[in-house]
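*Asks:* First the structure, then my questions, so here it is.
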Amino acid sequence: QVRLVESGGGLVQPGGSLRLSCAASGNFFTINDMGWHRQAPGKERELVARILTGGNTNVADSVKGRFTISRDNAKNTVYLQMNSLKPEDTAVYYCNVAIPGARYWGQGTQVTVSS
């Protein structure tokens, strides 16, 4: 019912920037919160950032001041601007979107920070 298409991942050097995008489509009228999680090899999936419809955000301490989450409600799209990237940011990043009564996950996009 909800399909998520992620883009923007890739390889970047430490200190570089990437912007992830996630567009939602399908049979729904309302999207509630939208956000990003990430999972590094051998580690649990963790919250990176989340944004509500009204614009309130929740950002992990590990990325605060470097990552910014935003959304375009008209396009049903959430973004994650990642600046000052560090090797420890290397992970698969998963978009997630909540509609009333359900939550959906994207397939993930690889972000690799390496020199």
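The values are calculated or read from the model by the stated rules, or taken from the named source; none is laboratory data. Bear in mind the structure is a predicted one, so any value in this text is a computation, not a measurement. All Cβ positions, glycine included, derive from the backbone under ideal geometry; neighbour counts span all protein chains shown. Calculation scope for accessible area: heavy atoms of the full protein, side chains included, ligands and nucleic acids excluded. Shrake-Rupley method; radii C 1.70, N 1.55, O 1.52, S 1.80 Å.
*Asks:* Percent of accessible area on the chain owned by carbon and sulfur, 1.4 Å probe?
*Replies:* Heavy-atom surface of the chain belonging to carbon and sulfur, 1.4 Å probe: 46 percent.
*Asks:* What accessible area per residue, rounded to a whole number of Å², is obtained for the chain using a probe radius of 1.4 Å?
*Replies:* Value returned for the chain: 54 Å² of accessible area per residue.
*Asks:* Then there is this: Between Glu88 and Asn56, with labels modelled 7 Å along Cα→Cβ, what's the label distance in nm to one decimal, could you check?
*Replies:* Output for this residue pair reads 2.9 nm.
*Asks:* Tell me the net charge near Leu18. Cut-off is 13 Å between Cβ atoms, Leu18 excluded, with +1 for each Lys or Arg and -1 for each Asp or Glu.
*Replies:* In short, +2.
*Asks:* Also, I was wondering about something else. If a paramagnetic tag sat 7 Å from the Cα of Thr112 along the Cα-Cβ line, which residues of segment 1-18 would have the backbone N under 11 Å from that point?
*Replies:* Once the point is set 7 Å along Cα→Cβ of Thr112, 10-12 turn out to lie under 11 Å by backbone N, inside segment 1-18.
*Asks:* Follow-up question, since we're still on this one. For Cα extents along the principal axes in Å, pick the label among (1) 49, 24, 23; (2) 39, 26, 23; (3) 43, 24, 23 that corresponds to the value derived from the coordinates.
*Replies:* Computed from these coordinates, Cα extents along the principal axes in Å corresponds to label (3).
*Asks:* Treating the beta-carbon of each Lys and Arg as +1 and of each Asp and Glu as -1, no other charges, what is the dipole magnitude of the chain about its Cα centre, to the nearest 20 debye?
*Replies:* My answer is approximately 100 debye.
*Asks:* Enumerate the whole-percent occupancy of each 5 Å bin, from 0 to the last occupied one, for all C-alpha pair distances of segment 56-115.
*Replies:* 4, 14, 22, 27, 18, 10, 4, 1, 0
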